[in-house]
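J.: Okay, here's the structure, questions in a sec.
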Amino acid sequence: MADTVRQRPLLGTFVEIGVDGAGPAADAAVTAAFAEIAAIHDLLSFQSPDSALSAFNRDPMAWHDLAPAFRRVLGLSMLLMWHSGGLFNPTVGGQLVARGALPPTGGPMPLPFGQLGDFDMNGNRLRLKRPLALTFDGIAKGFAVDRAVAIVRRAGFTSGWVDAGGDMRAFGNSKLRVRRRETNGSITRLGELSGGAVATSVVAPQVDERFPGLTVSAGDNAPAPGAWTVCARYAWQADALTKVAALAGDADRAALLNRLHGALIAGPAVAGAA
Amino acid sequence: MNQFNRNFVFLAALPTLAISQSVYAKDYLSVADARKILFPAAQTFLDHKLTITKDQKKAIKDLSGVRQRWDDQLVWRAEADGRFLGWLVVDEVVGKHEFITYAVGITPDGRVIGVEILSYRETHGYQIMEADWRNQFKGKTIDGAFKLDEDISNISGATLSCRNVTDGVKRVLALHQLVLMDG
């Protein structure tokens, strides 16, 4: 159990941070980690009209200079898009807007989804070749968790965790007993997390109060409903791979996740049985 | 739910009723902790507890769109060397599924310094359906079972919305503007 455990409302959910230390230094490190998460949110939130992502999406075919974290998340997203054969796709913003899961961009109505060839990159500058809307909702929360972990480690704390409502990462000697909230509200014991990350995404048939997110496909394959839990070394990976898990075919899901350096901890079988 | 689980809920019916009132609960900070975190430079915190009048409640609702339910509001004035640093307001929100106590630090001109959760309680009957409920009771007395709340330290799954707290902060900012700034 960590000596300092705090929770703040961030990223539209409750973020908990624990570190193996107490006192002003630990408090300052945790406060700085929360601030970093808030900064990532301010940069990459689709919902917030003031974010850098929203500014990009209002005019996606013009050149934009990207902030370092934006550039990093974009790079990771494109890598994963390539290696997952397009199952992970950060260009599905248009489809999410059309289905009411995300607010309108404020620009012209974007196409439902795009492909890797739509990205036109020049150093830290980006434009899209077609009117698409980028969304990092499948990766940014995990990325924010990783950045928060980096902040507290840099401050000298060797063990701890960050839990952002379903996306969590433990480091050092911290061990987290992880349970999963199923789609029917029941809770299943999953196991213990240490030295890595775990993420759960719920594929709901439609958007509602309890399941505000939507997983959509950029192809013919429909996402398999239920809760998908994946572990990986980094939280951004675990977060993004839950979407790959939901969209992959039953036959090659496990192998694909392994190839992408993740592992399926639990699919929707438990929820489906209840 | 399969046959096993149904039997199991029946067997565990008594303790379940008691525990399901607070299925997932966690205490994070005391008010004193939160004061230190939100105002690390402050030396004194002057008690400034407010009693909100009916008219003020209405004005708060009109300004923030959120209803002020309580008559009393815990407020402290943070100072260092006689310098006014800001307000610390302790507030509660009751959602459909949760009961949350939090502290918000506000600068004298009404900007949010930070929001810290003091305690978080989920009031859902989730555990009634918990698949591994029986395991929870192995080797535990009923006293031990009540501590299960703390045992469930981390839940990965459907993201819980923090909108109640966001609305609460909006209401506290309206209270600041209408009551604290004028007073």
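J.: Which ones in segment A:169-197 are in contact (Cβ under 8 Å) with a residue 60 or more places away in the chain and either buried (at least 23 other Cβ atoms within 10 Å of the Cβ) or within 11 Å of chain B (Cβ to nearest Cβ) (or both)?
T.: A:ARG169, A:SER174, A:ARG180, A:GLU182, A:THR183, A:ASN184, A:SER186, A:THR188, A:LEU190, A:GLY191, listed by residue number.
J.: Let me ask something else. Please find, within segment A:103-116, the residue that is surrounded by the fewest Cβ atoms within 10 Å (Cβ to Cβ) out of those that are within 20 Å of A:MET78 (Cβ to Cβ) and out of contact with any Lys or Arg (no Cβ under 8 Å at 6 or more places or on another chain).
T.: A:LEU116
J.: Residues of segment A:3-51 being under 24 Å from B:GLY168 (Cα atoms), assigned to a helix (DSSP H, G or I) and small (Gly, Ala, Ser), which ones?
T.: Answer for segment A:3-51, where residues must be under 24 Å from B:GLY168 (Cα atoms), assigned to a helix (DSSP H, G or I) and small (Gly, Ala, Ser): A:ALA32, A:ALA33, A:ALA35, A:ALA38, A:ALA39.
J.: Find the residue count for segment A:135-168, including only residues that are within 14 Å of another protein chain (Cβ to nearest Cβ) and in contact with a Leu (Cβ under 8 Å, 6 or more places away or on another chain).
T.: At the first step, the residues of segment A:135-168 found to be within 14 Å of another protein chain (Cβ to nearest Cβ) are A:137-138, A:140-142, A:144-145, A:160-168.
Still in the running and in contact with a Leu (Cβ under 8 Å, 6 or more places away or on another chain): A:137, A:140-141, A:144, A:161, A:163-165, A:168.
Total meeting the criteria: 9.
J.: Okay, next question. Give the residues of segment A:164-188 that are closer than 22 Å to B:CYS162 by Cβ and not aliphatic (A, V, I, L, M), sorted by residue number.
T.: A:GLY165, A:GLY166, A:ASP167, A:ARG169, A:ARG179, A:ARG180, A:ARG181, A:GLU182, A:THR183, A:GLY185, listed by residue number.
J.: Only one residue in A:ALA251, A:ALA218, A:ALA255, A:ALA222 is modelled with pLDDT under 80 and surrounded by fewer than 15 Cβ atoms within 10 Å (Cβ to Cβ), so which one is that?
T.: A:ALA222
J.: Would you mind telling me which numbered condition in (1) farther than 19 Å from A:VAL145 by Cβ; (2) surrounded by 15 or more Cβ atoms within 10 Å (Cβ to Cβ); (3) within 13 Å of chain B (Cβ to nearest Cβ) A:ALA29 fails?
T.: Unmet condition: (1).
J.: Show the residue pairs meeting these rules: Cβ distance below 6 Å; 6+ apart or different chains; first residue within segment B:96-123 and on the phi < 0 side of the Ramachandran plot and surrounded by 18 or more Cβ atoms within 10 Å (Cβ to Cβ); second residue assigned to a loop (DSSP other than H, G, I, E, B) and among the aliphatic types (A, V, I, L, M).
T.: Hits for this filter: B:GLU116/B:LEU29; B:LEU118/B:LEU29; B:GLU122/B:VAL23.
J.: Residues A:THR135, A:THR183, A:THR158: which one is in a loop (DSSP other than H, G, I, E, B), at pLDDT below 95 and β-branched (Val, Ile, Thr)?
T.: A:THR183
J.: Can you work out which of the residues in segment B:63-88 that are within 17 Å of B:GLY110 (Cβ to Cβ) and free of Cβ contacts under 8 Å to residues at least 40 places away in the same chain is surrounded by the fewest Cβ atoms within 10 Å (Cβ to Cβ)?
T.: Step by step, filter segment B:63-88, then rank; the result is B:PHE84.
J.: Working carefully through the options A:ALA33, A:ALA101, A:ALA69, find the one that is closer than 22 Å to B:VAL112 by Cβ and out of contact with any Asp or Glu (no Cβ under 8 Å at 6 or more places or on another chain).
T.: Step by step, each of A:ALA33, A:ALA101, A:ALA69 is checked, and only A:ALA33 is closer than 22 Å to B:VAL112 by Cβ and out of contact with any Asp or Glu (no Cβ under 8 Å at 6 or more places or on another chain).
J.: Going through segment A:52-97 one residue at a time, which ones are in a loop (DSSP other than H, G, I, E, B) and small (Gly, Ala, Ser)? Steps first, answer last, please.
T.: Our first condition is that a residue be in a loop (DSSP other than H, G, I, E, B); within segment A:52-97, this holds for A:59-63, A:66-67, A:84-91.
Once the filter is applied, which keeps residues that are in a loop (DSSP other than H, G, I, E, B) and small (Gly, Ala, Ser), segment A:52-97 yields A:ALA62, A:ALA67, A:SER84, A:GLY85, A:GLY86.
J.: Please go through segment A:98-132 and pick out each residue that is hydrophobic (A, V, I, L, M, F, W, C) and not in a loop (DSSP other than H, G, I, E, B).
T.: Those that are hydrophobic (A, V, I, L, M, F, W, C) and not in a loop (DSSP other than H, G, I, E, B): A:ALA98, A:LEU116, A:PHE119, A:MET121, A:LEU126, A:LEU128.
J.: Can you tell me how many residues within segment A:151-164 are surrounded by fewer than 24 Cβ atoms within 10 Å (Cβ to Cβ) and touching a residue at least 24 places away in the same chain (Cβ under 8 Å)?
T.: 5
The values are calculated or read from the model by the stated rules, or taken from the named source; none is laboratory data. None of these values were measured; they are calculated from a predicted model. Cβ atoms come from the backbone with ideal geometry, glycine included; neighbour counts cover every protein chain shown.
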